[in-house]
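Derivation of every value follows stated rules applied to the coordinates shown; laboratory data play no part. These numbers come from a predicted model, not from an experiment. Cβ placement follows ideal geometry from the backbone for every residue including glycine, while neighbour counts extend to all protein chains displayed.
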Amino acid sequence: MPVLACIDTNVLISMFISARNDSPVVKIFEEIVTGKVIPLISEEIFLEYVEVSARPKFNIPENSRLKVLGMLKQRAIMVNPEHDYKEILQEKMGSSFDAGDVPFYAITMEKREESAYLVTGNLKHFPKEPFIVSPKDFLKILRQE
């Protein structure tokens, strides 16, 4: 059964710029291609993917960028959260709260009944929850499925 995951933008960018084909971020995207992982996105998150991946500092080739983004959008489940999780996340994170993290948290929370994960390279931006994991830990979870 496929595993649902909201992929933080930093994981996407890390996949693009990784020099190692065996890195956890690259392996996660291979699992999306095979269908073992179903990405969860919103229009807001997808627009962030597009904007951040186009930044010149990352030097991501346009054809690769568009191909991956197209694949992600095609394979993803579009989620429009019914609840506003800003206050919840703000309460849990206190002074570490970043409003830019709310869309990722909201999508994950909306799909928690379906065992969704939030995969991020910035664990400190989110509350310590067993479903908020690093790319490396997410791969371990996938191997157990």
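Odds and ends about this structure:
- Applying both filters, DSSP loop and at most 16 other Cβ atoms within 10 Å, to the trypsin sites (Lys or Arg not before Pro) of the range 95-145 gives LYS128.
- With contributions of -39500 (n - 2.57) from each DSSP H run of at least four residues, the per-residue ellipticity at 222 nm computed over the chain stands at -14500 deg cm²/dmol.
- Packing-based exposure ordering (other Cβ within 10 Å, fewest first) of LEU139, LEU47, LEU118, LEU4: LEU47, LEU139, LEU4, LEU118
- Cβ-Cβ FRET estimate between LEU66 and LYS128, R0 fixed at 41 Å, reported to 0.05: 0.70
- Magnitude of the charge dipole, the range 3-144, Cβ model with Lys/Arg +1 and Asp/Glu -1, debye to 20: 700 debye
- Expressed as a whole percent, the proportion of Cα-Cα pairs in the chain lying more than 28 Å apart is 13%.
- Chain lengthening between ARG75 and SER115 when straightened (0.36 nm per residue, less Cα-Cα): 12.6 nm
- The slack between ASP84 and LEU47, meaning 0.36 nm per residue of separation minus the straight C-alpha distance, is 11.4 nm.
- Computed from the Cβ-Cβ distance with R0 of 41 Å, the FRET efficiency linking ARG55 to MET1 stands at 0.70.
- Rounded FRET efficiency, nearest 0.05, which uses the C-beta distance separating PHE97 from SER23 and R0 of 35 Å: 0.75
- Pairs beyond 23 Å (Cα-Cα), from LYS67/LYS140; LYS73/LYS111; LYS86/LYS111: LYS67/LYS140
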